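Okay, so here's the structure we're looking at.
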Amino acid sequence: MQIPAPFDYARATSVDDAVALLTRYGEDAHVIAGGHSLLPMMKLRLARPDWVIDINDLHDLDYIRRDGDQLRIGALTRHRTLLESAEVLSLFPIVTDAERVVADPIVRNRGTIGGSLCQADPAEDLSTVCTVLGAEAVIHGAAGDRTIGMEEFHRGPYETAVAFNELLTEVRLTIRPRSSSAYEKVERRVGDWAVAAAGAAVTFADDGTLDDVAIGVTAVGLVNRVASAEAVLRGEKPSESAIAEAGRLTGEAVDPDADQRGSVEYKRHLANELTQRVLRRAIARAQGLEA
Amino acid sequence: MHVTMTVNGDEVERDIEPRVLLVHFLRENLGLTGTHWGCDTSNCGTCVVQIDGEPVKSCTVLAAMADGHAVRTVEGLEVAGTVDPIQQGFMEEHGLQCGFCTPGMMLTARALLDENPHPSEGEIREAISGQICRCTGYATIVRSIQWAADHPAETADSTLEDEDVKA
């Protein structure tokens, strides 16, 4: 029987209350939202907080709201809510693609976007999605809000810019005309970690050339966007040869480890192939040729 | 710490350690051993119960997190001596072999039909995709849920009687 080590438990009644509790109990306190990453780690003693601060009562952090050219997503928004959102699907289909393969339907009832990003697991899908979309993270602390980009948010595996006495409260996605996106993952079975996954977002200029391209990969040893592959497509009209080259460059850029899920060669192959697929799908979606 | 929650319609209160997981609270503190405890890692789904009508893996929820909420377990499917159509479906279509995954499968199925009374086979398979039947009896589990969808609660009794008469 796997049981967490003893800890004390407190329920936050507001964002400020959560920050006050985190400040009071210091580095040995940990926020719990869905709990589907934290509790397994606590059972294995990979995490051993003295205090668990439950933020599940902060319902005002559970929202998807359009604000001008931004879509604002509350940090406590459940995976299931994102998956079922028609607005998310129409604006950022990469989010819907990814949510379809985050864990399994039961886990998605509990897990949150904020929890996924703060967990910062290298095999975590939404980190790649938010990186590709150039998301901004709103972090609340005693001094108020600060807003940072994903490249600053991610510090490494299981590490983010969210300090011990801060709370991620919102994720902001910028809505761009003539753009779309896609995500695809290969996993051995539902709920397993990704063998590899790739995401892409494209924005067209008026003349049919690609104004901007973003490519990101999951679980293959690369946190940042794949700049070399993006450069092949940017400023050009999309072509099969350029997409194939972008895939090839992504396969070269990644740095996967061999493990029970596959060899280095296989994971490079997947990075290449999945990058091509998501580029094709994002382009077709932006052109209105595919849902 | 002190927790108060509704379990199968009854309010329960207990003093527990904060680290007690919901699955163990149900089994050991309340004696509701119908909820099974399997992998401990939120992979197998045999521990699925409903919190506020939504299926969750109770090995990965603290009992403290369920404080103030409504929990439903397999013991709460039967109402006033009448089995739920889901339970009837698992009997009609041989939805269990060893039975270990069955409580979790049924709670997920009940939540699915509450939201989507006529799911496609694909929707059923998606709904139970986070749960493992180690007997690999998935085909009959899917058929059991389809049976329940075809026999909603108000007609379940009469169907049973009809078939009893035929038998």
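Observations on the structure shown:
- Residue in region A:116-136 that is of a type outside the set (A, V, I, L, M, F, W, C) and over 20 Å from A:ILE94 (Cβ atoms) present: no
- Subset of region A:1-50 [in a helix (DSSP H, G or I) and among the hydrophobic types (A, V, I, L, M, F, W, C)]: A:VAL15, A:ALA18, A:VAL19, A:ALA20, A:LEU21, A:LEU22, A:LEU38, A:LEU39, A:MET41, A:MET42
- Looking only at region B:37-71, and only at residues there that are among the acidic types (Asp, Glu) and in contact with a helix residue (DSSP H, G or I) (Cβ under 6 Å, 6 or more places away or on another chain), the one that is surrounded by the most Cβ atoms within 10 Å (Cβ to Cβ): B:ASP40
- Verdict on B:LEU21 being among the aliphatic types (A, V, I, L, M) and either within 10 Å of another protein chain (Cβ to nearest Cβ) or free of Cβ contacts under 8 Å to residues at least 24 places away in the same chain (or both): yes
- Scanning region A:107-156 for residues being over 21 Å from A:ASN56 (Cα atoms), among the acidic types (Asp, Glu) and at pLDDT 95 or above gives a total of 3.
- Flag for A:VAL213 being in contact with a Leu (Cβ under 6 Å, 6 or more places away or on another chain), β-branched (Val, Ile, Thr) and either outside any helix (DSSP H, G or I) or assigned by TED's automatic domain parsing to the domain that holds A:GLU124 (or both): yes
- All of A:GLY288, A:GLY247, A:GLY235 fail the test of being crowded, with 20+ Cβ neighbours inside 10 Å and either without any contact (Cβ under 8 Å) to a residue 60 or more places away in the chain or out of contact with any strand residue (DSSP E or B) (no Cβ under 8 Å at 6 or more places or on another chain) (or both), apart from A:GLY247.
- Region B:27-61, residues that are facing chain A (nearest Cβ under 7 Å) and without any contact (Cβ under 8 Å) to a residue 60 or more places away in the chain: B:ASP40, B:THR41, B:SER42, B:GLU54, B:PRO55, B:VAL56, B:THR60, B:VAL61
- Residues in region A:126-151 that are closer than 20 Å to A:ALA219 by Cα and surrounded by 13 or more Cβ atoms within 10 Å (Cβ to Cβ): A:LEU126, A:SER127, A:THR128, A:VAL129, A:CYS130, A:THR131, A:VAL132, A:LEU133, A:GLY134, A:ALA135, A:MET150.
The values are calculated or read from the model by the stated rules, or taken from the named source; none is laboratory data. Only a predicted model underlies this, so the values are computations on that prediction, with no experimental measurement involved. Cβ atoms come from the backbone with ideal geometry, glycine included; neighbour counts cover every protein chain shown.
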